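Chemist: The structure is given below, and queries will be raised subsequently.
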Amino acid sequence: MDKKQSLLVLSAVALGTAAYNILKPVRSKVPVIDDFDKSRYMGTWHEIARLDFFWEKNLTEVTATYDINTDGTISVLNRGFDTIKKVWKERKGKAKFLGDDHLGALKVSFFGPIYAGYNIMHIDQDYKYALVFGGSTDYMWILSREKHVPEHIQQKYVQYAMRAGYATDKLVWTEHD
């Protein structure tokens, strides 16, 4: 494929993604947390559960590491082990606040100018467990500083997500050694 064809394909993908995100109905209108402390959120989180999507298919040992950049944005490093290809996958991105940084409403990008919602719905007072919703009900994560979450936290987050319109029966529970 020559340069012109590559540019055309990339443009079509970007346009299609933008149209999909604009036209796709977002069924969940639940408010994010309003006492978010970004410095306490930084560091590594283990993915406990997710609604699966293309980049995370077949991944175990999934982590997300966050750091504050000098410009105030947040660097994101997602990492997981692909059980089919037997290799570690990494994806670097950045996140920005949609408003005040005490609100858990951010947007994250792994593909240049294309951003997606990253909404922190619940977080415990010790910043050990978090429930994150994407910009639509297709994306959801349960995160933990440890590789496991107590059953009562897990059930609380799953029940909340179900009431918010998420297909919790389709959650993938991430394996960790």
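Throughout, read-outs are computed from the coordinates displayed, never taken from laboratory work. The shown structure was predicted, so the numbers you read here are calculated from the model rather than taken from an experiment. Note that each Cβ is placed from the backbone with ideal geometry, even for glycine, and that neighbours are counted across all protein chains shown.
Chemist: Normalised by the number of residues in the range 28-173, what is the relative contact order in percent for Cα pairs under 8 Å and 6+ residues apart? Write down the numbers at each step before the final one.
Modeler: On the way: 302 pairs, mean separation 37.9, N = 146.
The value is 26 percent.
Chemist: Counting other C-beta atoms within 10 Å, which of Ser39, Ser109, Ser136 has the fewest, and how do the rest follow? Let's see the in-between values first.
Modeler: Numbers: Ser39 9, Ser109 16, Ser136 19.
Taking fewest neighbouring Cβ atoms as first place, the list is Ser39, Ser109, Ser136.
Chemist: Among Thr137, Thr63, Gly80, flag the residue with its Cα farthest along the positive direction of the charge dipole of the range 28-173, charges on Cβ as +1 for Lys/Arg and -1 for Asp/Glu.
Modeler: Toward the positive end, the furthest listed residue is Gly80.
Chemist: What FRET efficiency comes out for the pair Lys96/Tyr160, r = Cβ-Cβ distance, R0 = 22 Å, nearest 0.05?
Modeler: Details: r = 25 Å, r/R0 = 1.15.
The computed FRET efficiency comes out at 0.30.
Chemist: Right, next: Compute the distance from the alpha-carbon center of the range 81-156 to that of the range 158-177, in whole Å.
Modeler: 13
Chemist: Here is a follow-up. Could you check the simple spin-label distance between Asp126 and Leu77, using points 7 Å along Cα→Cβ, in nm with one decimal?
Modeler: It is 2.6 nm.
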